[in-house]
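Notes follow once the structure below has been shown.
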Amino acid sequence: MAAPANGANPINVINDSPMGTRQWIVVVLMVLLNALDGFDVLSSAFAAPGITAEWNIERAALGIVLSAELVGMGFGSVLLGGAADKFGRKNTMLVCLVFMAGGMWMAGHATGVTPMVIFRFITGIGIGGMLAATNAVTAESTNTAWRKTAIAAYVAGYPLGAIIGGVAASEWLLPQYGWRAIFDFGAIVTAALIPVVWLLVPETAAYHAAKGNLAGVNRTLAAYGKTPLTGLPVAATGTAKPKVTDILSNPRLRPVTLLLAFGYMFHTITFYYILKFAVQIVSDYPPGYPPPVAATVLTWANVGGFLGSLTFGFVMGKLGIRWPTALMLLIGSVAVASFGLGRDSIGAWQWATILTGFFTNAAISGYYAAFARGFPAYARATGTGFVLGIGRLGAAGSPIIAGALFSALGNDELFTVSCIMALGSIASLILFLKLPEREGDELVADPGDGSHDPVTAPAGETVR
């Protein structure tokens, strides 16, 4: 391919030009898709008291049900995250929506624990692939000036979906229709978004450029109101293919990838303890509250998470990622441990979950900001998918670990269990501070092997 007459790199065109209306529409849709993920993941938590009562299962068995979609998310992040680099971000998102809609609908009609686990696993596969693809689309569809803010808004979409879902569950679905309606509602909304994504989200210029597809690049630029290119820069020889093994074999990318992956994994152990067990705990802990009332605490946990994500986005823009994220991990662990002290009113429980949601989700924002800048574009979805996949081991293990601890220690040992579960964020803090540094607050994130693809991986790209 000949170099373009205007010498433009399609990624630089996106990075350096003002945001257009279509780009903002894409960002809003990515926020909505992440919100949908947030509702779908937590739908089982909202339904937990109803499932427990109808099927008469113990907390250990409930933990397996609550972890099923998280296990699926791990598989989906790795398998479909790679698909987003091979077959396109848009195509992957559409396939994921089909998995999610089908899994949610079948879960709403499950007749026992085993089929419920299978159907939630299917839903999780779609959610995991969706997270990897939407994170890449958000990063690749925004300019440099707005990227960190867009990523923060994108992360805030996750608790936003849980807030909306929590209100719908506690005020409408649970009182009038029962726990099965939560899954049916999620399936209908998911299916409705399929044609919206098909019509309004163009494939990213970064993906087309990585494939050497000038026509595709120009279609995306035209959709965003940008000037078309006459050619693409010549790709460097020996550029790595989008495989996890290439990322892990790169001496500069490997330490960042592994530290982010396992740091995120440990934090999700703490993070999902509250998100998955709070409703059941408040329903059981004296004086005990009926499921629609207990479900409100999860809504408020995500209000805190939403505010934490938005606030932390501005903090990162001013202070960087490293130390603000470390502080959120520390405070979040204290908040989760204090949750175990119990509360004597529903209002007090709600405030406890607001605080835990604020700090733990702010730390999630810090990790996602690092993911978005931690990989060159040709392998961004693959790298993000791998990190999220490892992270989902912690997410999937969290309700299983908590359920086993309650079974071993007793349901009345809430403080002990909460302190143990809070240790995940402490381990995450230690690993996060081990991330390699360059100048100031920068984290090493470029391949650093001299084989940058000038179309997809501008030299010296760093996470700040």
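Any of K148/K434; K211/K318; K148/K211; K226/K434; K86/K226; K86/K148 with alpha carbons more than 29 Å apart? Name them for me.
Over 29 Å apart, Cα to Cα: K211/K318; K226/K434.
Answer with one residue from F87, Q23, F99: the one whose Cα lies farthest towards the positive end of the charge dipole of region 1-153, charges on Cβ with Lys, Arg +1 and Asp, Glu -1.
Result: Q23.
Report, in debye and to the nearest 20, how large the dipole of region 34-97 comes out about its Cα centre when Lys and Arg carry +1 and Asp and Glu carry -1 on their Cβ.
The calculated dipole for region 34-97 is roughly 280 debye.
In the chain, with Lys and Arg counted as +1 and Asp and Glu as -1 at Cβ, which of these residues, T52, T299, A133, has the Cα nearest the positive end of the dipole, that is, farthest along it?
Going by the Cα projections, it comes out as A133.
Apply the Karplus parameterisation 6.51 cos²θ - 1.76 cosθ + 1.60, with θ equal to phi minus 60°, to every residue of region 216-221 and state each ³J(HN,Hα) to the nearest whole Hz, in sequence, with x for glycine and proline.
Each residue of region 216-221 in turn: x, 4, 5, 5, 5, 4 Hz.
Taking a temperature of 10 °C and a viscosity of 1.306 mPa s, what whole-number D in µm²/s does Stokes-Einstein yield for region 1-137 with Rh from Kirkwood over alpha carbon pairs?
This corresponds to a translational diffusion coefficient of 96 µm²/s.
Considering only G63, S309, M421, whose Cα is most displaced toward the positive end of the charge dipole of the chain, charges sitting on Cβ of Lys, Arg (+1) and Asp, Glu (-1)?
Positive-end residue among those listed: S309.
Assigning unit charges at the beta carbon (Lys, Arg +1; Asp, Glu -1) and nothing else, what dipole magnitude in debye, to the nearest 20, does the chain show about its Cα centre?
For the chain, the charge dipole is close to 880 debye.
Ordered by residue, what ³J(HN,Hα) values in Hz, to whole numbers, does region 118-124 give under the Karplus form 6.51 cos²θ - 1.76 cosθ + 1.60, where θ = phi - 60° and Gly and Pro are x?
5, 5, 5, 4, 4, 4, x
What is the packing order of peptides 148-155, 84-91, taking the mean over residues of other C-beta atoms within 10 Å and listing the highest first?
148-155, 84-91
Using alpha carbons only, how many degrees (0 to 90, rounded to 10) separate the axis of helix 322-339 from the longest principal axis of the chain?
Here the helix axis deviates by roughly 10 degrees.
I need the phi-derived Karplus couplings for region 198-214: 6.51 cos²θ - 1.76 cosθ + 1.60, θ = phi - 60°, integer Hz, Gly and Pro marked x.
Per-residue couplings from phi come out as 4, 7, 10, 9, x, 4, 6, 5, 5, 5, 4, 5, 5, 8, x, 9, 4 Hz.
With a ≥ b ≥ c the root eigenvalues of the C-alpha gyration tensor of region 145-216, is it rounded (a/c under 1.5), prolate (a/b larger than b/c) or oblate?
oblate
Sort 317-324, 391-398 by the packing proxy (mean of other Cβ within 10 Å over each peptide's residues), most packed first.
Descending mean neighbour count gives 391-398, 317-324.
Every number here is computed from the coordinates shown, using simple stated rules; none is lab data. Fair warning: this is a prediction, and the values are worked out from it, not measured in the lab. Neighbour counts are summed over all protein chains in view; Cβ atoms, including those assigned to glycine, are modelled from backbone coordinates with ideal geometry.
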